[in-house]
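The values are calculated or read from the model by the stated rules, or taken from the named source; none is laboratory data. This structure is a prediction, so every number in the text was calculated from the model and none was measured. Cβ atoms come from the backbone with ideal geometry, glycine included; neighbour counts cover every protein chain shown. Note: accessible area is taken over every heavy atom of the protein model, side chains too, but ligands, DNA and RNA are not part of it. Shrake-Rupley method; radii C 1.70, N 1.55, O 1.52, S 1.80 Å.
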Amino acid sequence: MILFELIDFDILRVIWWVLLGVLLIGFALTDGFDMGVGALLPFVGRTDVERRVVINTIGPVWEGNQVWFILGGGAIFAAWPPLYAVSFSGFYLAMFAVLAALILRPVGFKYRSKRDSAAWRSGWDWALFVGGAAPALLFGVAVGNVMLGVPFYLTEDLMPMYDGAFYAKFLGLLRPFAILSGVVSLSMLLMHGAAWLTLKTEGPVQMRARTIGTYAGIVAAVAYALAGVWLALGVDGFQIIGEVAPNGPSNPLYSEVERGGSWMAAYSARPWIIIAPIMAFAGIALAVMGLRAGREVSTLLWSKMAITGIISSVGLTMFPFILPSTVNPDSSLTVWDSSSSHQTLFVMLVMAVIFMPLILAYTAWVYKVLWGKVTEDEITGSGHSY
Amino acid sequence: MELDVVELSRLQFAMTAMYHFLFVPLTLGLSVLVAIMETVYVMTNRPVWRQMTKFWGTLFGINFVLGVATGITMEFQFGMNWSYYSHYVGDIFGAPLAIEGLMAFFLEATFVGLFFFGWDKLSKTAHMMVTWLVALGSNFSALWILIANGWMQNPVGAQFNPDSMRMEMTSFFEVVFNEVAQAKFVHTVSAGYVTASVFVLGVSAWYLLKGRHIELARRSIAVAASFGLASALSVVVLGDESGYSASHTQKMKLAAIEGMWETHAAPAPFNLIGFPDREARETHYAVSIPWVMGLIGTRSLTEEIPGINDLVDIAEDKIKRGVIAYDALMTIREQRGNAPSEARFIFEQNSDDLGFAFLLKRYVDDPREATEEQIKQAAADTIPGVAPLFWAFRLMVGLGFSFIAVMAYFAFMASFRGMRFPRWSLWLGVIIIPTPWLAAELGWFVAEFGRQPWTVDGVLPTALSVSHLSVADLLITLAGFVTFYTILFIIEMGLMVKYIRKGPTEDVEETETWMARHEHRLRTHDGKGPFAPEPAE
């Protein structure tokens, strides 16, 4: 089949790099408010009925939202196999913690209301809290580690290996800059969850969500700014030296990479990418103002813009790096040397072009059907709610 | 068995995958059964069918959520525990997994929320469409996961690329229309339908025994038995198709299942029972039926099915060719783009057997330095565990045929004997509830254990596929999964039992009113009531 040669290899690689970003952003925008709502649950809902209201705002949609995460995993596997191989085995125990938290969450939604006991329900409330807060924090920690570089290297057979101390110990991931990234991620998703609750609830639950969301937004802005300063002053960047081969084979060892300089150099090389942090700060500011004023639809949209800005800024700053290696920079994974083959990228693009619009269309339809506030009366009067 | 990283990774994968597959078959089948029930409701407007849809839908939901939750582990476990595998075949294997997300997971997960929350928000027809989309989504997901798994069994449409040191896709078409994958897909979803049918039939039989929810139970049995009969036939027919495709794609697996050490003159007999002995390379006390194996395996009377010993000899030749490919690969790797075209030519001539050279890595770091003795050992390693395969397969097939018998009996009684099931048959229905799960797990065991020592047949040995992890890492996550999954299982079973005991709670009055009004129409031709009404508990 020669069809795939219609699109050049390097262009496909860039498209799939963008699509990777789209999937991560899609995940953060949809499942992000589920995680935020989970983490807010014990604080915005004081009584059982209030908590049920909170849970029912996301009850019908969390399953679909979570698929962004699964699809993210699948797409990384299909389009960036070395990234899939290196990152999930490298962050082994952290990944396990994320999986455990994410498994708790669906079970919590579904099973909490199936028994009346108060202990049963409060147990699941905490499970939902952990299931929301832990991944929100850990995803940020992971991104922070990616920016710092990860101590992996590839053998000549391209088998990923790790420097012992790092991978074995979950605690090795908790480097200060990475923790700061975790704070950005958690506070940003708390704000997003609060924005969702502002839209979907009313009364005291909404008031509490708006208050916490305001603070979370401020924390997110400060932490994001601090992370930027830290990145400029205290974190080494990476760069490809010598010739870049955008159409070369997917073998990370074929290119030479050097650690040094600053990630922030990207802003002088490609000044237009400044738009990402501007979106981030502006989005947070507008979302915070919206939360204080009690605007509903627009606040959620601004919060989405903030998240899009924050996540895009990470990718755009690091381009073309995807996963830099500290112990053997030549092993670093970049857009040009860690993708799938030309044909696989093309086939997957065709699939994405067919199915993504369908997915967006029916997801929009489902949200439309479910549009409107979740109220206490509705929940207590219906047999189907959680 | 030594607990090294390879064995622990296998154990963890087997455990999490088999656990996941406790929930998947019921999701596959029950989604379709519920959609059928709702369709009857929309067509006839009888409230009892809505009651059935909601009741079985509730049980579907309890089961579905654990299928989703444990599926998360599956999507990421390849990267976590099998990183060399992920690198080596991700170019092919990742694609169906991603397409599964695009085509199937989004569909089922987005609409399953509306299935539960949309009763008051959607029209009857729209809700029915939502239910069908959930069923369609679950079944699509089985399609893509079996395309992925089918490729591990029969790696078509791919080729090794020495520059990127991995397998790369050469034909998406061949990967999708892999005959192994297609047969496996229908076999697996049919098994799911049987599982759900046995479940619905068993729970309904229990209600009839208790004299509860009779209207719901008898209709459910009618649906489950007819759907179950068709599915049970399909499982067996497509299982036969899998056997036929194995006779030319996975000869070693077929010979091991059959406990057939020597090549037999065509048509080969089928060993009904026997005791395979790996040491002696013989199957003791075999009771054989002449011709049957040849007919099933090759669908001819003249084609031979090779025995294990001959296949080991073939593996030895392949290892030698693999070593030649390996040698050329090392030259290419050292000189990268400047490698002599001769090396590339030699590599291409022998690259199909490259994986066989990797079998030697167990004995020697550089396969080129392997002795004749080590090559013989590595060739013998290609024999999977014969006895467990032999018995697991026979038990699975036995169960498969018994499902046909049970479903045929219930379908007959439901259609022609006015649903007057004797009590023993109802008890039988209750008792056999767990058996389809047993059959499904045995099926996976035969498929995956029979593929050993490979993760991808003939391409990548299991021992080479793992991540660079420590035994401690694996023990931590294994202990975590065992604890976590056990708790979830207890909770799930508790809720299932609770909701089955509770029975249908919605639309009860409407159903009774409707029944009272239409009772005269439901009498059978002999003038008796369709089912002696008994007081509800």
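Listed values, structure above:
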quantity	calculated
Under 23 Å from the Cα of B:Lys318 - lysines, other chains or at least 8 residues apart	B:Lys251, B:Lys253, B:Lys361, B:Lys376
The stretch A:314-386 - accessible surface per residue (Å², probe 1.4 Å)	37 Å²
Quotient of C-alpha Rg and 2.2 N^0.38 Å, computed over the stretch B:109-264	1.42
Inter-chain shielding of A:104-117 (mean C-beta neighbours from other protein chains, 10 Å cut-off)	4
Nearest-ten-degree value, helix A:81-90 long axis tilted from longest Cα axis of chain A	70 degrees
Debye log10 I(q)/I(0) at q = 0.17, 0.22 Å⁻¹ for the stretch B:89-155, Cα point scatterers	-0.61, -0.81
Accessible surface, per residue, of the stretch A:97-226 when the full set of protein chains is kept, probe 1.4 Å, Å²	32 Å²
Estimated buried accessible area (total), pair A and B, 1.4 Å, Å² to nearest 100	7300 Å²
Among the listed pairs A:Lys304/B:Lys124; B:Lys54/B:Lys210; A:Lys110/B:Lys54; A:Lys200/B:Lys54, those beyond 24 Å (Cα-Cα)	A:Lys304/B:Lys124; A:Lys200/B:Lys54
Two-site FRET efficiency, A:Leu174 against A:Asp8, from Cβ-Cβ distance with R₀ of 51 Å, rounded to 0.05	0.80
Where the Cα pairs of the stretch B:195-235 fall when distances are cut into 10 Å bins, in %	35, 50, 14, 1
Residue mean of other protein chain beta carbons inside 10 Å, A:156-163	5
For B:159-172, mean number of other protein chain Cβ atoms within 10 Å	6
Accessible area of the stretch B:257-384 divided out per residue, in Å², using a probe of 1.4 angstrom	53 Å²
³J(HN,Hα) computed for each position of the stretch B:63-78 - Karplus, 6.51 cos²θ - 1.76 cosθ + 1.60, integer Hz, glycine/proline x	6, 4, 5, 6, x, 5, 4, 6, x, 4, 4, 4, 5, 9, 5, 4
Relative packing of A:138-151, A:54-67, which averages over residues the other C-beta atoms within 10 Å, highest first	A:54-67, A:138-151
Complex-versus-alone comparison for the stretch A:64-82, residues with a loss of 50 Å² or more in accessible area, probe 1.4 Å	A:Val67, A:Ile70, A:Leu71, A:Phe77
Carbon/sulfur fraction of accessible area - the protein assembly as shown, other protein chains in place, 1.4 Å, %	66 percent
Kirkwood-based shape ratio for chain B, expressed as Rg/Rh from alpha carbons	1.03
Value of Rg/Rh across the stretch B:257-384 [Cα atoms, Kirkwood radius]	1.14
Most to least packed among B:333-342, B:163-172 [average Cβ atoms within 10 Å]	B:163-172, B:333-342
Degrees, to the nearest 10: B:179-210 long Cα axis against longest axis of chain B	30 degrees
Calculated log₁₀ intensity ratio I(q)/I(0) where the Debye formula runs over C-alpha points of the stretch A:3-377, q = 0.10, 0.14 Å⁻¹	-0.65, -1.21
Rg and Dmax [Cα atoms of the protein assembly as shown; Å; Rg one decimal, Dmax integer]	29.1, 92
At q = 0.13, 0.14, 0.20 Å⁻¹, base-10 log of I(q)/I(0) for the stretch B:354-474 (Debye sum, equal scatterers on each alpha carbon)	-0.71, -0.76, -1.10
